[in-house]
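Trainee: Below you will find the structure I want to go over with you.
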Amino acid sequence: MPKRDIALLACGAAYKHLPGLVSRATSTDHAVAGRASTVGAADANGGDFRRVQRPGSVDLSSEYDLEGLTIPRDEIHTLLPRDAIPALTDPKTLTAEGSKWLDSKDRVILVQVKGERYGVPLDILDWHEIVNTTVGGEPIAVTYCPLCDSATVISRRVTPAGDDQKPIVLEFGVSGALYNSNVLMYDRTHKGLWSQLGMAAVSGPLAETQLDMMPVRLMPFGEIRKRWPSTPIVSTQTGHNRAYGRSAYERYFANDKLMVPVREHADELPAKTLGIGISLDGNAWFVSVKSIGDEGYSLKTPKGTVQIARNAAGVEVRDAPQEIKSAQTFYYAWTAFYPHSQVLGTKDKPDAEK
């Protein structure tokens with residue numbers, strides 16, 4: 001296989017070679033795209049829903065435990081081999097002050113647990129999607145799906161169903177498959193699949209186990225460096241040769257077309273409207289970045305108030321009840337998982353508890 005194709009398989013840029021997904025694609029791009037197979041129904045872009053199965057991509061049945069699968073098998077896209085996008089575990093860090101490779105405007109997911117901070121640049125997550133680590137004594141994973149601009153922070157400590165079950169700590173990898181255009185993770189212990197925006201296991205012995213979510217907080221790197229210069233920031237010393245600092249998704253972010261078909265999503269807002277999705281006890285809400293406003297946004301829920309802010313990097317959940325699940329994400333991706341989400345805005349702010 002040519003080195004160029006190997007490199008594309010090994011990073012998120014490989015997504016751009018799916019059929020008809022990127023405008024101004026080169027003739028070589030179209031030649032590579034032609035090798036992907038697709039199968040029928042209707043998608044959210046008004047055409048036929050196409051299940052994408054790229055040759056050489058992961059074989060779900062042999063690679064994962066699909067017992068108890070909770071999502072439609074025929075809506076899972078397979079794009080890459082397992083671990084072609086390599087998740088990181090306890091990567092090397094530099095202090096914010098010492099992270100000279102980052103620009104002030106670069107977007108960073110900031111994690112804070114028990115007073116300890118840790119930053120993961122999206123320039124890293126564009127190429128790795130998951131960072132497994134420990135912050136403040138809590139095993140966590142910072143996850144990002146570039147196709148949805150979806151960022152979450154999850155606890156890697158889960159408790160299996162059943163009496164007298166003890167919590168276990170998992171390590172997550174990138175499966176090579178997508179559902180609702182969103183990354184499917186897998187746990188290295190059981191090889192079960194987990195949905196980032198579904199926020200739960202979707203197959204394997206832990207199927208339907210919910211993830212404990214932590215407040216997601218996107219911030220410009222310059223602000224982190226100014227306020228907390230000693231904060232550990234994941235460095236480019238990952239052990240992988242990647243073009244950190246260069247995004248493979250600039251064209252994708254510049255239009256409202258989807259790279260990977262979705263069965264359906266709501267259409268109250270443009271598909272790639274960025275905002276915060278919030279879920280609680282079967283209820284869901286979406287607040288766009290524009291609606292948050294410079295003064296912030298307070299969302300009242302039956303469990304308490306969620307305090308949301310925006311900045312040049314995206315969305316910050318500054319305070320939230322423990323039961324709240326949140327993700328920064330594009331509108332289309334959130335409503336593909338939570339189709340009955342209530343869209344909230346600054347001019348019309350109904351309380352979520354009503």
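The values are calculated or read from the model by the stated rules, or taken from the named source; none is laboratory data. Just so you know, these numbers come straight off a predicted model, no measurement behind them. Cβ placement follows ideal geometry from the backbone for every residue including glycine, while neighbour counts extend to all protein chains displayed.
Trainee: I'd like the residue in the range 90-128 that is in a loop (DSSP other than H, G, I, E, B) and not charged (D, E, K, R) and, out of all such residues, is farthest from the chain's Cα centre (by Cα).
Mentor: Here the residue is GLY98.
Trainee: Could I ask something else about it? When you scan the range 205-246, how many residues do you find that are surrounded by fewer than 17 Cβ atoms within 10 Å (Cβ to Cβ) and more than 30 Å from ASP319 (Cα to Cα)?
Mentor: 8
Trainee: Given the criterion of a type in the set (Asp, Glu), surrounded by 14 or more Cβ atoms within 10 Å (Cβ to Cβ) and on the phi < 0 side of the Ramachandran plot, identify the matching residue among GLU316, GLU268, GLU250.
Mentor: On inspection, the qualifying residue turns out to be GLU316.
Trainee: Restrict the check to the range 292-306 and report whether at least one residue is surrounded by fewer than 21 Cβ atoms within 10 Å (Cβ to Cβ) and closer than 26 Å to HIS128 by Cα.
Mentor: no
Trainee: A further question on this structure: Within the range 124-131, is even one residue in the same structural domain as ILE71 (by TED's automatic domain parsing) and surrounded by fewer than 17 Cβ atoms within 10 Å (Cβ to Cβ)?
Mentor: No: the range 124-131 contains no residue that is in the same structural domain as ILE71 (by TED's automatic domain parsing) and surrounded by fewer than 17 Cβ atoms within 10 Å (Cβ to Cβ).
Trainee: Any chance the range 237-257 includes a residue that's in a strand (DSSP E or B) and over 18 Å from the mean Cα position of the chain (by Cα)?
Mentor: No, every residue in the range 237-257 fails to be in a strand (DSSP E or B) and over 18 Å from the mean Cα position of the chain (by Cα).
Trainee: Does VAL32 satisfy the criteria of being modelled with pLDDT under 50, assigned to a helix (DSSP H, G or I) and either over 24 Å from the mean Cα position of the chain (by Cα) or surrounded by 14 or more Cβ atoms within 10 Å (Cβ to Cβ) (or both)? Walk me through it before giving the result.
Mentor: Details: modelled with pLDDT under 50: yes; assigned to a helix (DSSP H, G or I): yes; either over 24 Å from the mean Cα position of the chain (by Cα) or surrounded by 14 or more Cβ atoms within 10 Å (Cβ to Cβ) (or both): yes.
Answer is yes for this residue.
Trainee: Still on this structure, please answer the following. I need a count of the residues in the range 105-133 that are touching a strand residue (DSSP E or B) at 6+ places or on another chain (Cβ under 7 Å) and more than 16 Å from SER247 (Cα to Cα). Outline the logic, then answer.
Mentor: Kept after step one, since they are touching a strand residue (DSSP E or B) at 6+ places or on another chain (Cβ under 7 Å), are these residues of the range 105-133: 105-111, 113, 116-122, 124-125, 128-133.
After this cut, where a residue has to be more than 16 Å from SER247 (Cα to Cα) as well, the list is 109-111, 113, 116-119, 130-133.
Residues flagged as touching a strand residue (DSSP E or B) at 6+ places or on another chain (Cβ under 7 Å) and more than 16 Å from SER247 (Cα to Cα) within the range 105-133 amount to 12.
Trainee: So for the range 249-270 (the condition being closer than 20 Å to ARG107 by Cβ, at pLDDT below 95 and in contact with an Asp or Glu (Cβ under 8 Å, 6 or more places away or on another chain)), does at least one residue qualify?
Mentor: Yes; the residues of the range 249-270 include at least one that is closer than 20 Å to ARG107 by Cβ, at pLDDT below 95 and in contact with an Asp or Glu (Cβ under 8 Å, 6 or more places away or on another chain).
Trainee: Mind checking which residues of the range 319-341 are assigned to a strand (DSSP E or B) and over 13 Å from the mean Cα position of the chain (by Cα)? Break it down into steps so the answer makes sense when it comes.
Mentor: In the first step, residues of the range 319-341 are kept if they are assigned to a strand (DSSP E or B); the result is 319, 325-330.
Selection gives ASP319, LYS325.
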